Amino acid sequence: MKTYPIGLVPGPVSVPKDIREVYTVDFGSADLEDDFFELYRKAADLMKNILSTKGDAVIMSGEGMLALWGALKSVVSPGKRVLAVSNGIFGEGIAQMARSLGCEVREVSFDYDSIPDPEVIRKEALTFRPFIITAVHCETPSGVLNPVKPIGEIAEEVGALFYVDFVSSACGTEVLVDDWHIDLGLLGSQKALSLPPDLAIVTVSEKAWDAIAARNYEGYDALLPWRDGPGKKELPYTHNWHAVAALFKAADKLLREGLENVYKRHEDVKNYCLKRLKNMGLKVFAGEERYSSPTVTAVCVPENRNWEILNSSLRERGVVLGGSYGPLKGRLFRIGHMGSQADKELVGKALDVLQEILNN
Ligand SMILES: *Cc1c(COP(=O)(O)O)cnc(C)c1O
């Protein structure tokens, strides 16, 4: 398989050596050992600390989409009202997931390059009276970071559960689960945590646990078994011991670096990126600089350029950036500067190469 020295795809991100080393440890034939439950609890506690919640953090074996599906299926049933806030591909995707589960979905849509307007959402919420409101913190395909707290306050006002996809923002920028009234917070391991795509992490509030118990959904992706299971040393399936150990290590590293420093590192790389792009005459997709996410920058493909050709020129020089998909395919490309890739030197090298290609 071809590898690239300058990898800046917005997930899965490059996995640092010390994390890869955790995967080489042989845990023997251990399954439901006390040591594992201790490790699970410690990893969950670190995640609660990072995400600022006194609720629970459930760690499931599977990729980030498992968090999105499992959390939704664990609370909704056919006919439940879902107010889906969308200004991008993931927001629309969540609305579609809810429709597929037979929910009555009202989608409040905003332009992809803007951020959601809380007043519009509030009006809809007051008339529609949803059971749950869904939102996306960072719309990875378009590089927009949405303010979540104002939507959380609306959910609180109308008594709805609040479901937030922070897969590509958490651990790279501040996420305050309790302060933002998030009942179900969704995270995957392959973004700012810089792990392989092995784990789905879901924060669960007390209110969400009540809804989960009332729904009593059973399935491979169900959250309910995780309420008391780890405490009773019972799991619904064999867990990924290596991944949980790697998560503990990654979370511990973030806390040792200091969350403020971690967030500043991301913010600095974003600002550096925006400045250099501007100097090259390139346009960032987000309507305003402050909408642009500290974890990923989406750039408009210049009028006279073709992304496929630009992409192969970059790859020939060892740089791999992200394209985009859906309605954004070919229109923009993305620089993923989250986790291990929130590194000014690395991003600088990629931008040097991009500049060189554009000058030719
Ligand atoms: C990455 C990501 C997910 C998980 O989806 P995959 O594309 O399967 O990795 C979910 N939500 C958002 C916003 C993401 O960026």
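The values are calculated or read from the model by the stated rules, or taken from the named source; none is laboratory data. Small disclaimer: the values here were computed from a predicted structure and weren't measured. Neighbour counts are summed over all protein chains in view; Cβ atoms, including those assigned to glycine, are modelled from backbone coordinates with ideal geometry. The accessibility values were calculated without ligands, DNA or RNA, using every heavy atom of the protein model including side chains. Shrake-Rupley method; radii C 1.70, N 1.55, O 1.52, S 1.80 Å.
Using the Kirkwood radius built from alpha carbon pairs, what does the Stokes-Einstein equation give as D for region 17-256 at 25 °C and 0.890 mPa s, in µm² per second?
Numbers: Rh = 18.0 Å.
Translational D for this selection: 136 µm²/s.
Which residue, chosen from V15, P294, G281, occupies the Cα position most advanced towards the positive end of the dipole of the chain, where the dipole is computed from +1 (Lys, Arg) and -1 (Asp, Glu) charges on Cβ about the Cα centre?
The Cα lying farthest towards the positive end belongs to G281.
Quick one: accessible area per residue over the chain, 1.4 Å probe, rounded to a whole number of Å²?
I get 42 Å² per residue for this part.
Counting other Cβ atoms within 10 Å of each Cβ, which chymotrypsin sites (Phe, Trp or Tyr not before Pro) in region 178-255 have at most 14 and sit in a DSSP loop?
Qualifying residues, ordered by number: Y220, Y237.
Taking all pairs of distinct Cα atoms, average 1/r, flip it, and tell me the Kirkwood hydrodynamic radius of region 1-86 in Å to one decimal place.
17.1
Putting +1 on Lys and Arg Cβ atoms and -1 on Asp and Glu Cβ atoms, find which of V75, Y40, S109 reaches farthest to the positive end of the dipole of region 9-128.
Result: S109, furthest along the dipole toward the positive end.
Express the relative contact order of region 40-112 as a whole percentage, based on alpha carbon pairs under 8 Å and six or more residues apart in sequence. Write out the running numbers ahead of the final one.
Values: 76 pairs, mean separation 18.8, N = 73.
Taking the mean separation of contacting Cα pairs over the length of region 40-112, I get 26 percent.
Between region 289-359 and region 1-68, what is the separation of their alpha carbon centroids in Å?
Value for the Cα centre distance between the two parts: 27 Å.
Using all alpha carbons of region 124-167, what is the percent of pairwise distances in each 10 Å bin, ordered from the shortest bin to the longest?
Reading upward from the zero bin: 30, 48, 21, 1.
For a quick check of understanding: with a 1.4 angstrom probe and all protein chains in place, what accessible area in square angstrom does I132 have, to the nearest ten?
Taking all protein chains as shown, I132 has close to 0 Å².
Could you work out the helix-only [θ] at 222 nm for the chain, with each DSSP H run of four or more residues adding -39,500 (n - 2.57) and the total divided by the number of residues, to the nearest 500 deg cm²/dmol?
Mean residue ellipticity at 222 nm (helix-derived): -12500 deg cm²/dmol.
What value in Å³ per residue do you get for the convex hull of the alpha-carbon atoms in region 203-300?
Expressed per residue, the convex hull around the Cα atoms of region 203-300 is 192 Å³.
If you put +1 on each Lys and Arg Cβ and -1 on each Asp and Glu Cβ, how big is the dipole of the chain around its Cα centre, in Debye rounded to 20?
On the way: 41 positive and 49 negative charges, 175 e Å.
Dipole of the chain, to the nearest 20 debye: 840 debye.
Amide H to amide H under 5 Å from A84: which residues, 5+ apart in sequence or cross-chain, H placed 1.01 Å off N in plane?
Excluding prolines and chain starts, which carry no amide H, the hits are R106, E107, V108, T134.
Springs between alpha-carbon pairs under 10 angstrom, Gaussian network model over the chain: which of N304, N271, N49 fluctuates most?
N304
Listed here are the pairs K54/K349; K54/K278; K48/K264; K253/K344; K54/K264; K191/K275; which of them are more than 30 Å apart at the Cα?
Working: K54/K349 41 Å; K54/K278 42 Å; K48/K264 20 Å; K253/K344 19 Å; K54/K264 24 Å; K191/K275 24 Å.
Flagged as over cut-off: K54/K349; K54/K278.
Of all accessible surface on the chain at a 1.4 Å probe, what whole percent is carbon and sulfur? If you can, show how the numbers build up before the last one.
Working: 7360 of 15230 Å².
Of the solvent-accessible surface of the chain, carbon and sulfur hold 48 percent.
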